[in-house]
Amino acid sequence: MTVSSTNRKTSPFIGNGLTAELPFAFKVFKKQDVLVVVADTATGLETTLTLDAEFSVALNSNQNNNPGGTVTLVAPLAVGKTAVISSRVTLTQSTDITNQGGFQPQVIEDCLDRLTITTQQLQEQVDRSAKLPITSVEDANAMSEDLVRLAESADNIDIVANDKDNLDTVAGHIANVDTVAGHIANVDTVAGHIANVDTVAARAANVDTVANNIASVNSAATNMAAIIAAPTNAATATSKAAIATAAATSATEQASIATEAAAEAAAAVTAMEAAVDVLNTSSDAINDCAFAVDEIVAVADALPLIEAAPGKAEEALGAKAVATEQASVATAQAGIATAKASEATTQAGVATTQAGIAATQAGISATQAGVSTTQAGIATAKADLATAKADLATTEAGIATAQAGIATAQANESTVQAGISTAQAGIATTKADLATTEAGIATAQAQIATTQAGAAAASAEGISAAVAAFYESNALREFGLNLL
């Protein structure tokens, strides 16, 4: 029989704590050729079981027509364990075909089957190995070194793989990353002032307010000299207003005094005019005055005063006019002082506004610092992106190395397949030689039959003697060996 199946191992058996009998369906020669491996599904750790101590094997009686058998574990396969059955036919050839010996077809077929089985075992191992492409110039050692480097970087590879979405996001902004890389010195400068950046970030609301009033901030910056002088101007205006108020108060008092003097003078003039009228209109009174010499003398004594009264009245009227004019001037000065005080108040308001503008400008400066901080953060993100890209490139290099290893294994597989083809060609040649030998034997048998027929025509006894002599002769043996 031929080995018609290329399968050399079973599918994994999953442990359930109950099953202990595990069947397999590939040809082996003896129970020692059966390999049983159990793995822990949690850790991946594999254990090769020992025949008779941990399992037994019952082989099917005819391995050609019904290959395989059953493996029985000492204990049922536990939950969390998996088992695989394969073969481990030794890579030796124990059949010795001697010269001039007999040829048993089963012996030759077993030898060929053993060769095929060992080839299948090697193929199964090759299928589980890393292979370099057939066109690769790398060797297995270089691939092994690359695999070791990949294993050492496994944690970083896992980190990159788990952060794939961020990598994709960064890759979508690679132009910005390149821009930041071109200004890395500025990024380092910002990093050296990260405390200030954090301070600005904590005042983001003020930064936004300044940004919303940027026109006023710019106007304040243009009038900064006036804003700085505003407190001094306000103090000067307040002082002048106080002086003007004092002057207005003094002018008002002088106007009051002048008004009182004018009133007294007017009253005196009125009294004198009344006295003159009395003298002019009453001669009797004049006559009576003769009898009142003392009173007349008194009047005469007062006559200078009476005569001076009109002048005094005029002086009083002049003083009143001057006082009135001074009062008007004082009132005007008071108005001017009030206007100046109002102007000073306005200037003070302007100064306050300018101070607010200065504060706004300070907020703008803080905003600009916040913007710088944000840009620094962007630069840091771009730097992280560059690092991630480098890790990704390393991972891709590792993948390429692994693919090279796979190609090498495939090349090895091709070599094995070439060996198989060579072996099959040898088998075909052996079969052809065997057919030639069988044809020679048939020819010899035909010659023997012809000789026997000729001898039978002469004499039965002579035929028997001739046949006996023919079988005992060395010539026949040499004839058969030549045919072989």
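Among what's in segment 167-213 and is among the polar types (S, T, N, Q) and more than 28 Å from Ile157 (Cα to Cα), pick the residue that is farthest from the chain's Cα centre (by Cα). Walk me through how you get there before you give the answer.
So in segment 167-213, the residues among the polar types (S, T, N, Q) come out as 169, 176, 179, 186, 189, 196, 199, 206, 209, 212-213.
Applying the additional criterion that residues be more than 28 Å from Ile157 (Cα to Cα) yields 186, 189, 196, 199, 206, 209, 212-213.
Details: Asn186: 22, Thr189: 23, Asn196: 25, Thr199: 25, Asn206: 30, Thr209: 32, Asn212: 32, Asn213: 36 Å.
Within segment 167-213, the match that is farthest from the chain's Cα centre (by Cα) is Asn213.
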Please indicate, with yes or no, whether at least one residue in segment 32-48 is assigned to a helix (DSSP H, G or I), under 23 Å from Ser5 (Cβ atoms) and modelled with pLDDT of 95 or more.
yes
Among Asn233, Asn206, which is modelled with pLDDT of 80 or more and of a type in the set (S, T, N, Q)?
Asn206
Those residues of segment 117-127 which are touching a helix residue (DSSP H, G or I) at 6+ places or on another chain (Cβ under 8 Å) and either surrounded by fewer than 18 Cβ atoms within 10 Å (Cβ to Cβ) or without any contact (Cβ under 8 Å) to a residue 40 or more places away in the chain (or both), in sequence order
Leu122, Gln123, Val126, Asp127
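Go through segment 12-31 and give me each residue that's in a loop (DSSP other than H, G, I, E, B), in contact (Cβ under 8 Å) with a residue 60 or more places away in the chain and on the phi < 0 side of the Ramachandran plot.
Step one: of segment 12-31, the residues in a loop (DSSP other than H, G, I, E, B) are 12, 15-20, 25-30.
After this cut, where a residue has to be in contact (Cβ under 8 Å) with a residue 60 or more places away in the chain as well, the list is 12, 15-17, 26-29.
Within segment 12-31, Pro12, Gly15, Asn16, Phe26, Lys27, Val28, Phe29 meet the criteria.
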For segment 115-138, which residues satisfy the criterion of being assigned to a loop (DSSP other than H, G, I, E, B) and closer than 22 Å to Phe24 by Cα?
Arg128
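Looking at this structure, is Val89 closer than 29 Å to Thr2 by Cβ and touching a Pro at 6+ places or on another chain (Cβ under 7 Å)?
no
Residue under question is Asn141, and the condition is that it be over 19 Å from Asn7 (Cα atoms), touching a residue at least 24 places away in the same chain (Cβ under 8 Å) and not in a loop (DSSP other than H, G, I, E, B); does it hold? Explain how you work it out, then say what you get.
Working: over 19 Å from Asn7 (Cα atoms): yes; touching a residue at least 24 places away in the same chain (Cβ under 8 Å): no; not in a loop (DSSP other than H, G, I, E, B): yes.
Against the criterion (over 19 Å from Asn7 (Cα atoms), touching a residue at least 24 places away in the same chain (Cβ under 8 Å) and not in a loop (DSSP other than H, G, I, E, B)), Asn141 does not qualify.
Tell me, please, whether a residue that is part of a helix (DSSP H, G or I) and closer than 30 Å to Thr10 by Cα can be found in segment 159-181. Break it down into steps so the answer makes sense when it comes.
Let us first name the residues in segment 159-181 that are part of a helix (DSSP H, G or I), namely 159-162, 164-171, 174-181.
After this cut, where a residue has to be closer than 30 Å to Thr10 by Cα as well, the list is none.
No; the residues of segment 159-181 include none that is part of a helix (DSSP H, G or I) and closer than 30 Å to Thr10 by Cα.
Condition test on Glu54, is it of a type in the set (Asp, Glu) and exposed (fewer than 14 other Cβ atoms within 10 Å of the Cβ)? Before the answer, list the steps.
Values: of a type in the set (Asp, Glu): yes; exposed (fewer than 14 other Cβ atoms within 10 Å of the Cβ): no.
So Glu54 does not fit the description; no.
Which residues, taken from segment 60-75, are part of a loop (DSSP other than H, G, I, E, B) and not small (Gly, Ala, Ser)? Outline the logic, then answer.
Step one: filter segment 60-75 for residues part of a loop (DSSP other than H, G, I, E, B), giving 60-68, 74-75.
The answer is Asn60, Asn62, Gln63, Asn64, Asn65, Asn66, Pro67, Val74.
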Residue count, segment 86-114, condition of a type outside the set (A, V, I, L, M), in a loop (DSSP other than H, G, I, E, B) and under 30 Å from Pro12 (Cβ atoms), comes to 3
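The values are calculated or read from the model by the stated rules, or taken from the named source; none is laboratory data. Computed from a predicted model, the values in this text were never measured in an experiment. Cβ atoms come from the backbone with ideal geometry, glycine included; neighbour counts cover every protein chain shown.
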